[in-house]
1. How many nm is it between the label spots at HIS32 and GLU263, if each spot is 7 Å from the Cα in line with the beta carbon?
2. Note down the nm distance, to one decimal, between modelled labels 7 Å out along Cα→Cβ at SER72 and at ARG23.
3. Using a Gaussian network model of the chain whose springs link C-alpha atoms within less than 10 Å, name the residue from SER141, SER197, SER72 with the highest mean-square fluctuation.
4. Using the count of nearby Cβ atoms within 10 Å as a rough guide to exposure, how do TYR177, TYR139 rank from fewest to most?
5. Given charges of +1 on the Cβ of Lys and Arg and -1 on the Cβ of Asp and Glu, with all other atoms neutral, how large is the dipole of the chain about its Cα centre, in debye to the nearest 20?
6. Tell me, what does the Kirkwood hydrodynamic radius of segment 126-285 come to in angstroms if you use every pair of distinct C-alpha atoms?
7. Kirkwood Rh, Cα Rg: Rg to Rh for segment 59-150?
8. When the convex hull of the Cα atoms of segment 26-97 is projected onto a plane and the area is averaged over all directions, what value comes out in nm²?
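Please treat every number below as a calculation from the coordinates, not as lab data. Only a predicted model underlies this, so the values are computations on that prediction, with no experimental measurement involved. Neighbour counts are summed over all protein chains in view; Cβ atoms, including those assigned to glycine, are modelled from backbone coordinates with ideal geometry.
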Amino acid sequence: MFKRRIKNWYILKGQPVTDMDRRILAAQEKGHLVPKRSLIKTPEQIEGIRRCGVVNTGVLDLIEREIKEGMSTAAIDRLVFDYTTAHGAIPAPLNYEGFPKSVCTSINEVVCHGIPSEKEILRDGDIINVDVSTILDGYYSDASRMFMIGNVSPEKRRLVEVTRECLEIGMRAARPYGFVGDIGNAIQRHAEKNGYSVVRDLCGHGVGLEFHEEPEVLHFGKKGTGMMLVPGMVFTIEPMINMGDWHVFVDEDDGWTVVTEDEQPSAQWEHTFLMTETGLEILTH
Ligand code: MF3
Ligand code: CO
């Protein structure tokens, strides 16, 4: 009896058992992965993450206004640093596990984690992902958008659009008391139906009190697998979709830049979401 209580993490002594507790317990008994209590954010924490998301969105809106052909990715990095710090916040990537800049900038065949550089100049026809993550008052948010520079080929344009649809479709597949795998399954179906592949080596993640928390949000897989989704959980969905094969490698020289093995283009869109009683709410709009 006592042992069981410890195993069932969420039933605290003297605390009323809610409908949510009962649904989590039922899933756990069936062998599903369920969130530990700290992954279910309090209203105060949600407000903090929401405020952080407003700054994060402000950064991306600024980049959207300023980005243009001929600009270096280092110039994007400066805009991110200046705007973020002017709003009392910290760019989360800066010094994160040794990452040297304030933002990730990933052009064409770069999948993610590209490092801004003075030497890297945006060219006509490029597609670029700008991945912005912010810390405000100790709370984290994370979102990325694609930008198209000048005249982008119809093939790359379609990749960018379908990847955006993948995020949208993944978002709609996430139901309270459903599972993380429902999201990945919907994304994989849409990507592959369009002749693309889903990057396997990187995933979305819980976020809010830390940069990367549980659960792992895979962008491929089976419905009904992975962690149960419970109201109050905050996590990203950030599909990386390749025009060619899903295999990627990490640049040995910098230890960060993730590139497609076949050198075909890759796209990514990302939001931070809150699970509510009715479905996902975007916190980085
Ligand atoms: N923003 C990325 C994500 O979506 C993480 C980048 S880690 C960094 O999870 F150090 F490269 F910034
Ligand atoms: Co992320």
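1. Distance between the two pseudo-spin positions: 4.6 nm.
2. A separation of 5.1 nm, rounded to one decimal place.
3. With Cα springs under 10 Å in the chain, the top fluctuation among SER141, SER197, SER72 is at SER72.
4. TYR177, TYR139
5. Roughly 1760 debye, rounded to the nearest 20.
6. This gives a value of 15.9 Å.
7. We get a ratio of 0.95 for segment 59-150.
8. 8.0
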